[in-house]
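One structure is given here, and the rest of the page talks about it.
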Amino acid sequence: MAINFTHYDTSNRVPGVFLEMDPSQANSATQLQNSLILGQKSATGTGVANVPVLVESKAQVLALCGAGSMLANMALRYLARDSFGPLYIVPLADDAAAVAANGKITITGTATASGTVNCYIGGILVQCAVTTGDTATVVGTNLNAAINANLDVSVASTVAAGVLTLTADFKGAAGNFIDIRFNYYGTLGGEYPIPGLTFVVQAMASGATNPQLAGALANLADTPFDFICTPYTDTASLNALQSFLDDQAGRWAWQHMIYGGAFGAFGGTLGSCSTFGNARNDQHMSIMAYNDSPDPPWIWAAEMMAMAASSLRVDPGLPLQYIATTLKPPPVQSRWTIGERNTLLYDGMSTFRVNDAGQVIMERMCTTYQKNPAGAVDNSYLDVETMYGLMFVSRDLTNFLLSRYMRKKLVSDQTPIAPGSNCVNGLMIKASVIQEYRVLQLNGYVQNADQFARGLIVENAGNGLVKILAPIDLVNQLRQIAILLQFRKS
């Protein structure tokens, strides 16, 4: 039996016991999975534009991003739902050519009873008291002061004669998605109209030109980020992320193998969400479709990613379904029916449902991938779990092979190899890959190990190259149980 050392020099004649450590059979480590949020900071934020930074606390987020900024609200929502995984943020500055969105609230009448104004701006409640006899001008002045005093709201307000003009704190098209409404919870939630007063909302509009993501993405270098949250769903932003994660030249390419996936949200009617989804085709992007929620899309994206990350980090095979969130649901009349949700799932959009307690429940997280490069309908990369299952297995097999064969000599498959030798061949590598696959199967990541062993091809191609065809079979997610209830009547 030959025992070949890697470092110990067998020409040594000095007496003693000499130990060389070999960790090749001990590595069971898993990679730390970072999360990343892209978003705009305010002028008061101290974060350097386009430079990623690790954040751990609310105080740090507020200092770097500025209170009430898009990025601060995203990061705080994420930390509230996933406080375990490492979170990085990339502060973005407004584009030089950007225009801020604006909207209006017009108040008319005189209050005939006392009450409270319940105004929701981007899902954040702003309140002011009303006393019998207050005119529209008085109420407008008080509401204006309340809006500007709320540091979490992403708008600035001015008022004149009962007309409030709201301007987004950040510039760009994303500001058009800041929702403005009154008495969201209605009388069942203790929110009542004030007799004698009328509030008319002119929705936020006219925002244009989101920040370009190329500079921020370039600064990420080779740092792994498995979960990337985007507040933007404009074509330029999504194309930038698609290229960043691309299979041929991006993070999923063979020369990089960094991997990762992106999460976003799109608000609109069924028709606009369907049209939007059909215009995308990216297995590395998951976009949640919703309509008429007070929360803006960047908050939907941040929370959905937080819930997905906290599950996928534990087990990439567990289905991302029936997971409760703290997002504000759309009113009953604006919620998708089961048929509409099924349509969206065929259009590359992820879906949610609302339970009896009014909670938004993650229903199915799919990617926008729908067709292969030839244009044929393709469900290979339909589900987000598939992508993260592939990521996990790829990393596991890579780490396994690098640990055991980091410094070995390759010989032909016909060459005898003594136990303990520093030589390997294709047959040895094949046996070890089958062994590791069975470990993955026992841990619930893959299935059908015997079939894998029969289909596995390991080719000793010469010149130090071993080629492997690994027909892995990922576990499936239990999605439906269909019952044919065949009853009897006696």
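P(r) tail for region 126-167, what percent of Cα pairs lie past 13 Å?
Looking at region 126-167, the distances longer than 13 Å represent 49 percent of pairs.
Say R0 is 22 Å: what FRET efficiency, to the nearest 0.05, do Q127 and A97 get from their beta-carbon distance?
Efficiency for this residue pair is about 0.05.
P(r) for region 386-430: what percent of alpha-carbon pairs falls in each 10 Å bin, starting at zero?
In order of increasing distance, the bins hold 25, 41, 23, 11, 0 percent.
Based on the mean of other Cβ atoms within 10 Å per residue, sort peptides 397-405, 311-319, 465-473 so the most packed one is first.
So the peptides 397-405, 311-319, 465-473, ranked by packing, come out 311-319, 397-405, 465-473.
Determine the dipole magnitude for the chain: charges of +1 sit on the beta-carbon of Lys and Arg, -1 on that of Asp and Glu, nothing else is charged, the reference point is the Cα centre, and the result goes in debye to the nearest 20.
The calculated dipole for the chain is roughly 600 debye.
Give the calculated FRET efficiency between Q212 and S490 to the nearest 0.05, with a Förster radius of 60 Å applied to their Cβ-Cβ distance.
E(calc), rounded to 0.05, equals 0.25.
Please give the calculated 222 nm ellipticity per residue for the chain, where each DSSP H segment of at least 4 residues contributes -39500 (n - 2.57) and the sum is spread over every residue; nearest 500 deg cm²/dmol?
Here the helix-only value at 222 nm equals -8000 deg cm²/dmol.
Using the 10 angstrom Cβ neighbour count as an exposure proxy, how do S83, S421 rank, fewest first?
S83, S421
Give the peptides 324-335, 63-74 in descending order of average Cβ contacts within 10 Å, highest first.
In descending order of packing, they fall as 63-74, 324-335.
Stokes-Einstein at 10 °C, 1.306 mPa s, Kirkwood radius from Cα pairs: D for region 100-205 in µm² s⁻¹?
So the translational diffusion coefficient is about 116 µm²/s.
In the chain, once you exclude exposed GluC sites (Glu not before Pro) (DSSP loop, at most 15 other Cβ within 10 angstrom), what's the longest stretch remaining?
57-490
What is the Å³ per residue value for the convex hull set by the Cα atoms of the chain?
Each residue corresponds to 232 Å³ of Cα convex hull volume.
What list do you get for M285, M21 if you sort them by fewest beta carbons within 10 Å?
The order, fewest Cβ neighbours first, is M21, M285.
Find the relative contact order for region 1-65 and round it to a whole percent, using C-alpha pairs within less than 8 Å whose residues are 6+ positions apart.
That works out to 27 percent.
Based on the alpha carbons, how large is the Rg to Rh ratio for region 174-308 when Rh follows Kirkwood?
We get a ratio of 1.08 for region 174-308.
Determine the principal axes of the Cα atoms in region 161-225, then give the extent along each, sorted from largest to smallest and rounded to whole angstroms.
Dimensions of region 161-225 along the principal axes of its Cα atoms: 59, 30, 13 Å.
Within the chain, how many Lys pairs that are eight or more residues apart, or on different chains, come under 29 Å at the alpha-carbon?
15
Quick one: plug the Kirkwood hydrodynamic radius of region 406-490 (C-alpha pairs) into Stokes-Einstein at 10 °C, 1.306 mPa s, and report D in µm²/s.
Rounded, D is 100 µm²/s.
Most exposed first by the Cβ proxy, i.e. fewest other Cβ within 10 Å, how do W252, W300 rank?
By the 10 Å Cβ count, ascending, the order reads W252, W300.
Bear in mind that the values in this text are calculations on the coordinates, not laboratory data. Predicted model, so just to flag it, every value in this text is computed and none were measured. Glycine also receives a Cβ, built like all others from the backbone with ideal geometry; neighbour counts cover every protein chain displayed.
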